[in-house]
1. In segment 1-51, what residues are β-branched (Val, Ile, Thr) and surrounded by 18 or more Cβ atoms within 10 Å (Cβ to Cβ)?
2. Please verify whether segment 196-204 includes one or more residues that are away from ligand 4 (no atom under 16 Å from the Cβ) and either aliphatic (A, V, I, L, M) or surrounded by 18 or more Cβ atoms within 10 Å (Cβ to Cβ) (or both).
3. Which is surrounded by fewer than 13 Cβ atoms within 10 Å (Cβ to Cβ) and touching a residue at least 40 places away in the same chain (Cβ under 8 Å), of Gln154, Gln174, Gln146?
4. Any idea which residue in segment 52-61 is surrounded by the most Cβ atoms within 10 Å (Cβ to Cβ), counting only those that are in contact with a helix residue (DSSP H, G or I) (Cβ under 8 Å, 6 or more places away or on another chain) and part of a helix (DSSP H, G or I)?
5. What are the residues in segment 118-143 that are of a type outside the set (S, T, N, Q), under 25 Å from Gln84 (Cβ atoms), assigned to a helix (DSSP H, G or I) and out of contact with any Gly (no Cβ under 9 Å at 6 or more places or on another chain), if any?
6. Quick check on my filter: what residues within segment 261-316 are at positive phi and either free of Cβ contacts under 8 Å to residues at least 40 places away in the same chain or assigned to a strand (DSSP E or B) (or both)?
7. Name the residue that is farthest from ligand 5 (Cβ to nearest atom), counting only residues in segment 225-283 that are touching a helix residue (DSSP H, G or I) at 6+ places or on another chain (Cβ under 7 Å) and basic (Lys, Arg).
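Readers should treat all values here as calculations from the given coordinates under stated rules, not as data from a laboratory. If you're wondering where the values come from, they're calculated on a predicted model, not measured in any experiment. Here Cβ is always computed from backbone atoms with ideal geometry, including for glycine, and neighbour counts include all displayed protein chains.
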Amino acid sequence: FVLKNAPGSLDYLLWLVQRLERNRRVSALVVDDSSSARAYAAALLELYGYTVVEAADGDAALAALEADSTIRLAVVDQEMPGMQGIELARRMRSVRTRDRLAVIGVSGNEDPGLVAHFLKNGANDFLRKPFSREEFFCRVSQNIDQLELIGSLQDLATRDFLTGLPNRRHFLEQSERMLAKLLSEGEAITVAMLDIDHFKHINDTWGHDAGDQALRAIAAAVAGHARPQDLVARFGGEEFCMLVPGLARDEAHAYFEGLRHRIDTLQIMVNEEEVRVTVSIGITMATPQDSLSRLLCEADRCLYLAKAAGRDRVQP
Ligand code: GH3
Ligand code: MG
Ligand code: MG
Ligand code: MG
Ligand code: MG
């Protein structure tokens with residue numbers, strides 16, 4: 001960064017402000033038995049805007065990690081009484097995967113095998129003590145940059161670009177897992193397919209951009225209706241899919257009737273004109289040995305019945 005943006009230039013200052021703003025949202029955990037080493041690393045991190053959590057040993061570090069899900073970076077000293085840094089890195093990795101936590105090992109030990117040992121046990125990087133402020137900052141920000149890149153790639157892979165809802169692939173992966181868990185717990189499960197009525201007419205009358213706008217409004221209504229435990233997705237062009245746990249048959253019906261009504265009464269403005277849309281919803285409940293493919297098939301069949309019966313309805 002120093003090469004790209006000369007310190008003192010306006011570009012550099014703007015970059016620095018953005019960077020500090022981002023870092024404020026990142027919590028970093030410093031683990032070292034030496035209070036002066038801890039204070040040094042913590043002061044550097046704070047200088048660059050990070051929120052710092054300190055731990056004096058491995059157990060305290062694991063407890064901090066468990067208590068605070070916003071920790072994205074751990075700086076881990078090797079030589080500590082009790083649990084050593086490498087063992088701590090291994091245990092951190094077993095509770096936080098590489099897409100959620102970067103671990104940087106630090107040690108003054110000259111042992112030539114140490115770095116590889118740290119990396120093999122889950123560390124992303126290593127710094128030899130004493131390290132310069134510049135090297136520390138470069139390593140830390142590269143690791144955080146990498147986490148952010150992974151995050152945005154995950155987002156691209158799992159979200160639908162137009163509506164921001166989870167995409168079909170993400171739904172299929174998550175719902176397989178949710179279904180297995182809920183069935184084993186004997187929990188009620190409803191699967192729903194929702195399709196916009198005469199959507200082609202909206203595109204034909206008001207244009208494709210208006211169609212996109214309507215799709216986004218309906219997606220927002222679906223997301224707004226969903227509870228935290230519900231899974232929703234844009235399943236295809238103008239079709240949405242939902243997996244809703246914990247509702248008995250009549251409750252599920254009322255829930256989707258509520259969603260249908262919510263969409264019926266949406267006011268979507270296109271060129272100062274109000275566009276009204278309705279949706280048809282097919283719903284089905286899981287049986288004890290059910291499979292996702294059968295549930296989706298059955299919800300789709302109910303959706304077809306809803307269309308045939310005149311649309312704008314919930315069809316169990
Ligand atoms: P029905 O009530 O039977 O569902 O009628 P329909 O017109 O909704 O059904 P049809 O399947 O014939 O048309 C769906 C339309 O949705 C066709 C397609 O152009 C449109 N569509 C799919 N994805 C998008 C999108 O991302 N944006 C826009 N604007 N339109 C889309
Ligand atoms: Mg030490
Ligand atoms: Mg259709
Ligand atoms: Mg349709
Ligand atoms: Mg359709």
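1. Residues of segment 1-51 β-branched (Val, Ile, Thr): 2, 17, 26, 30-31, 51.
Those that are β-branched (Val, Ile, Thr) and surrounded by 18 or more Cβ atoms within 10 Å (Cβ to Cβ): Val26, Val30, Val31.
2. At the first step, the residues of segment 196-204 found to be away from ligand 4 (no atom under 16 Å from the Cβ) are none.
No: zero hits.
3. Gln154
4. Filtering segment 52-61 for residues in contact with a helix residue (DSSP H, G or I) (Cβ under 8 Å, 6 or more places away or on another chain) gives 52-56, 58, 61.
Still in the list and also part of a helix (DSSP H, G or I): 58, 61.
Numbers: Gly58: 23, Ala61: 28.
My answer is Ala61.
5. In the first step, residues of segment 118-143 are kept if they are of a type outside the set (S, T, N, Q); the result is 118-120, 122-123, 125-131, 133-140.
Next, from what is left, pick out any that are under 25 Å from Gln84 (Cβ atoms): 118-120, 122-123, 125-131, 135-136, 139-140.
Remaining after also requiring assigned to a helix (DSSP H, G or I): 118-120, 135-136, 139-140.
Hits for segment 118-143 are Lys120, Glu135, Phe136, Arg139, Val140.
6. Of all residues in segment 261-316, those at positive phi come to 271-272, 310-312.
Answer for segment 261-316, where residues must be at positive phi and either free of Cβ contacts under 8 Å to residues at least 40 places away in the same chain or assigned to a strand (DSSP E or B) (or both): Glu272, Gly310.
7. Arg262
Every residue, every condition in (1) acidic (Asp, Glu); (2) assigned to a strand (DSSP E or B), yes or no:
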{"site": "Lys200", "(1), (2)": "no, no"}
{"site": "Asp204", "(1), (2)": "yes, no"}
{"site": "Ala214", "(1), (2)": "no, no"}
{"site": "Ala217", "(1), (2)": "no, no"}
{"site": "Ala221", "(1), (2)": "no, no"}
{"site": "Gly224", "(1), (2)": "no, no"}
{"site": "Arg227", "(1), (2)": "no, no"}
{"site": "Phe240", "(1), (2)": "no, yes"}
{"site": "Val244", "(1), (2)": "no, yes"}
